[in-house]
Amino acid sequence: MTKKKPLVVVTRKLPDVVETRMRELFDARLNVTDKPMERAALVEAMQTADVLVPTVTDNIDAGLLGQAGPQLKLIANFGNGVDNIDVQTALSRGITVTNTPGVLTEDTADMTMALILAVSRRIPEGALVIPNEQWEGWSPTWMLGHRITGKRLGIVGMGRIGQALARRARAFGLQVHYHNRRRVSPAIEEQLEATYWDSLDQMLARMDIVSVNCPHTPATYHLLSSRRLKLLKKDAIIVNTARGDIIDETALVRMLEANEIAGAGLDVFQHEPAISPRLLKLVKAHRAVVLPHMGSATIEGRIDMGEKVIVNIKTFMDGHRPPDRVLPSML
Ligand code: 8YV
C-alpha cells in the first residue's frame, strides 16, 4: 500500500520547478493566482493541511494558530525571517517551524551593497536624467555623490548576511565595524578585518554608513530607535535589507526631512507594502532610495529557498528532524 502523501498548502506562487517537485512529492495545494490568501482561507488551510508553507506576506499569529487543527504539524516558512509567524505559540502547540537560511545570504548582501552605492553615488537619481531627457552634458560639479572607499561601515547584526556584506565591503575598501549580540570568533574578525563594538550606541555615533542585517525579534523591534538614530553623524547614511520594524521609521523620516542624516536606502518597511506618504515624498526628492523588498529576489535564490522548504518537509514527514528547525533560542 502506498503511503498517503501529506497535504501541503502553499500560500503564494513559487517558481515552477519548485511547484512541480512539490506536486510529485506531496498532495500540494498551490496558489496559481499568487494573490495573498485571505484570513478565512488561511484558517481553512490551518484546519486541513498537514504542512503550511507561508511567506513573509502571511501573518501566522496566535489567533490563527489557535484555530489550527491537530493535523497541522509543520509550518515550513518560505523565507529566512520568521517574524511573520508567532513561533512561540506554534511550538507550544507542538507545531514545528522551519525556515530557509543560507541560500539568500549572498543575494541579500549584494542588494545591501547596491543600496549603499545607490545612496552614496545617487544612482537612481542619475538613472532618471537621460530617460527624462534632462541631460545637458557633463559638468565638473554636477551630480556629485560621495566616495565609499575609506569610509566606516557599521554592520548591525554579524550573522551570515552581515558577514557576506563585510566581505564585499572589504573589497570596496570600507572599514568594517560591527555590533552583534555575540562577538564573532577571532578568526572571522581577523578574516573580515572587523572591529567589534559591544556598545551599539558608541558604534552608531562614529559610522559613515550603517547597515541593518539582524533578524527582527521582540528584542530588535525598533533597535534603531529615535534616540539611537539621533546618535548618527549628520553626514551618515543608513541602509536596511533586514526588516522594517528594526528601525523606528517615523523617526528616520523626521530626521531625513530635517537633514539630520544624509540619506537612507530601504528594501523593507514597517507596514509594507504600504509606504508612508512622507517617506514617498523624500524618495521623490531623492533623499532616500527605496526598493520593494527585493533582497532575495533572484530566480536562483527563490529556487534554492523552495528546495530548502521541500527538504524540510520531506525530512519531517520521514520522521526525522528537519535541517532548518527554528528553535526558541533563535528568537
Ligand atoms: C523573502 C526575506 O523574500 O527570507 C526572508 O527573510 O526577507 C525575503 O528575502 C521573504 O521572506 C519570503 O517569504
#### Entry: Residues (open to solvent by 30 Å² or more (accessible area, probe 1.4 Å) and free of Cβ contacts under 8 Å to residues at least 40 places away in the same chain) located in segment 77-101
86, 89, 92, 93, 94
### Within segment 243-331, helices (runs of 4 or more DSSP H) holding 3 or more residues that are within 16 Å of the ligand (Cβ to nearest atom)
299-317
### Task
Those residues that are closer than 12 Å to residue 155 by Cα and either assigned to a helix (DSSP H, G or I) or free of Cβ contacts under 8 Å to residues at least 60 places away in the same chain (or both), I need them from segment 209-241; list them, please.
210, 212, 214, 238, 240
### Task
Please specify each residue of segment 92-122 satisfying the condition of being more than 15 Å from residue 293 (Cα to Cα), hydrophobic (A, V, I, L, M, F, W, C) and out of contact with any strand residue (DSSP E or B) (no Cβ under 7 Å at 6 or more places or on another chain).
103, 117
### Query
Is it the case that residue 59 is modelled with pLDDT of 95 or more, over 21 Å from residue 314 (Cα atoms) and surrounded by 14 or more Cβ atoms within 10 Å (Cβ to Cβ)?
yes
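Matching residues to (1) more than 16 Å from the ligand (Cβ to nearest atom); (2) over 17 Å from residue 51 (Cα atoms); (3) assigned to a helix (DSSP H, G or I); (4) touching a Cys at 6+ places or on another chain (Cβ under 6 Å):
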residue	(1), (2), (3), (4)
63	yes, yes, yes, no
70	yes, no, no, no
78	no, no, no, no
102	no, yes, no, no
108	no, yes, yes, no
117	yes, yes, yes, no
136	yes, yes, no, no
139	yes, yes, no, no
### Query
Right, residue 4: assigned to a loop (DSSP other than H, G, I, E, B), away from the ligand (no atom under 16 Å from the Cβ) and not β-branched (Val, Ile, Thr) or not?
yes
### Message
Here is a check on your reading of the model: is residue 158 part of a helix (DSSP H, G or I) and closer than 29 Å to residue 308 by Cβ?
### Response
no
### Query
For segment 1-42, how many residues meet the condition of being more than 17 Å from residue 307 (Cα to Cα), polar (S, T, N, Q) and surrounded by fewer than 15 Cβ atoms within 10 Å (Cβ to Cβ)?
2
### Task
Return yes when residue 112 is modelled with pLDDT of 95 or more and within 16 Å of the ligand (Cβ to nearest atom) and no when it is not.
yes
### Task
Being under 19 Å from residue 180 (Cα atoms), of a type outside the set (Val, Ile, Thr) and surrounded by fewer than 19 Cβ atoms within 10 Å (Cβ to Cβ) narrows it down to one of 222, 216, so name that one.
222
#### Entry: Complete set of residues in segment 284-304 that are surrounded by fewer than 17 Cβ atoms within 10 Å (Cβ to Cβ), farther than 20 Å from residue 80 by Cβ and hydrophobic (A, V, I, L, M, F, W, C)
285
### Task
Six or more apart or on different chains, Cβ under 7 Å: which pairs go from a residue in segment 305-326 that's open to solvent by less than 10 Å² (accessible area, probe 1.4 Å) to one that's charged (D, E, K, R)? Could you list them?
312/324
### Query
So residue 185 fits all but one of (1) closer than 27 Å to residue 81 by Cβ; (2) in contact (Cβ under 8 Å) with a residue 24 or more places away in the chain; what number is the exception?
(2)
### Residue list for segment 124-175, restricted to those being free of Cβ contacts under 8 Å to residues at least 24 places away in the same chain and surrounded by 16 or more Cβ atoms within 10 Å (Cβ to Cβ)
170
### Task
Could you tell me whether segment 267-275 includes any residue that is in contact with a strand residue (DSSP E or B) (Cβ under 9 Å, 6 or more places away or on another chain), among the acidic types (Asp, Glu) and at pLDDT 95 or above?
yes
### Task
Tell me which residues, restricted to segment 15-60, are within 16 Å of the ligand (Cβ to nearest atom), under 22 Å from residue 87 (Cβ atoms) and not in a helix (DSSP H, G or I).
36, 37, 51, 52, 53, 54, 55, 56, 57, 58, 59, 60
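The values are calculated or read from the model by the stated rules, or taken from the named source; none is laboratory data. These numbers were taken from a predicted model, which means no experiment stands behind them. Neighbour counts are summed over all protein chains in view; Cβ atoms, including those assigned to glycine, are modelled from backbone coordinates with ideal geometry. The accessibility values were calculated without ligands, DNA or RNA, using every heavy atom of the protein model including side chains. Shrake-Rupley method; radii C 1.70, N 1.55, O 1.52, S 1.80 Å.
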